[in-house]
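The structure under discussion appears below in the form of structure tokens.
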Amino acid sequence: MIIIETRKRMQEYMREKKQNGLTIGFVPTMGFLHEGHVSLMRRASQECDIVVTSIFVNPLQFGPSEDLDRYPRDFERDQKIARENGTDILFYPSNEEMYPNDAGTKLVVTKRTEVLCGEKRPGHFDGVVTVLTKLFHIIQPDRAYFGQKDAQQVAVVDDLIRSYFFPVKLITCPTVREEDGLAKSSRNVNLNEKEKAIAPKLFEALTIASDKAKKGATVSEVRQDMLDQMNGLEYGKIDYVELLSYPELEIVDSFGQKTIIAVAYRFENARLIDNIIIEAVR
Ligand code: AMP
């Protein structure tokens, strides 16, 4: 595995690989790697000749009162995990490398962001598509790998790729969980012991809700049931509980289409998200 820190070197390197007809798989991350990231790298290495993983904590996707400063980082450990799980090139740019000047062109997402994290974190997805556009241009991947855990991100990136004709195929990988059901997340280290004991309830509530949906409960019954379960928790508070069509993220009044049940929950130093997607129930 080689580590590249500059755009210029990355572009030169990728140009050479592309000329040799090699397929490029890309795994964008913010580092502090865990098994969720590993599942993307492994899948990419099964399907592509070269795997590029990027580690960049993108300041543009954090709001002013969010956790940019306490976002966990450990580049030594990340290098080892990336190397052992199929990454060929680790792209590790600085902020100056990614945002070298006051750019006069901005990307703004206008679809699929009125709800969920788009609503709760204004500007977040503008930051996500901006950095991904830069990374796609630098790396020129054939396939890009994303986790279903960030389902709204997948929906937004799907629209970005189609809107701007990026010649990249979006591959979505299932959410990797702890044994107790908690979705793996870099932010889990910011949970205290008491919160850690409660956090698996998010997935438990989602599982119960999706079972109820499959057994014929209505959308509002399922939402209310989720709210009741989450409101009963001892610590933290609900940021949102929503049921929407997927990937369009529009309001639904029945389970007649693919539907996402999505939750965001705030603990003291970590805001966690999770979701379940259920196929159309007839
Ligand atoms: P992040 O470093 O949190 O920005 O995540 C980088 C990529 O890993 C995104 O595509 C995430 O959706 C994905 N990812 C994060 N956590 C998980 C997980 N538990 N299972 C699968 N993919 C994940």
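Throughout, read-outs are computed from the coordinates displayed, never taken from laboratory work. Keep in mind the model is a prediction, meaning the values are calculated, not measured. Here the Cβ positions follow ideal geometry from the backbone for every residue, glycine too, while neighbour counts run over all protein chains shown.
The figures follow:
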| read-out | value |
| --- | --- |
| For the chain, calculated [θ]222 nm from helices alone, where every DSSP H run of n ≥ 4 adds -39500 (n - 2.57) | -11500 deg cm²/dmol |
| Residue among 190, 20, 95 with the largest mean-square fluctuation in a Gaussian network model of the chain, springs linking Cα atoms under 10 Å | 20 |
| Highest-MSF residue in the chain out of 64, 93, 141 [GNM, Cα springs under 10 Å] | 64 |
| Stokes-Einstein D in µm²/s, Kirkwood radius over Cα pairs - the range 1-140 at 10 °C with 1.306 mPa s viscosity | 99 |
| Nearest-ten-degree value, helix 124-139 long axis tilted from longest Cα axis of the chain | 30 |
| Per DSSP, loop trypsin sites (Lys or Arg not before Pro) in the range 214-248 with at most 10 further Cβ within 10 Å | 215 |
| Net charge over other residues, Cβ less than 15 angstrom from the Cβ of residue 154 (K, R count +1; D, E count -1) | +3 |
| Net charge of Cβ neighbours under 15 Å - reference residue 70; Lys, Arg +1; Asp, Glu -1 | -2 |
| Value of relative contact order over the chain, rounded to a whole percent, pairs C-alpha under 8 Å and six or more apart | 17 |
| Loop trypsin sites (Lys or Arg not before Pro), the range 3-83, which have at most 12 other Cβ atoms in a 10 Å radius of their Cβ (DSSP) | 70 |
| Acute angle (nearest 10 degrees) that the helix 151-163 long axis makes with the longest principal axis of the chain, alpha-carbon atoms | 50 |
| Rh (Kirkwood; distinct C-alpha pairs) - the chain, Å | 19.7 |
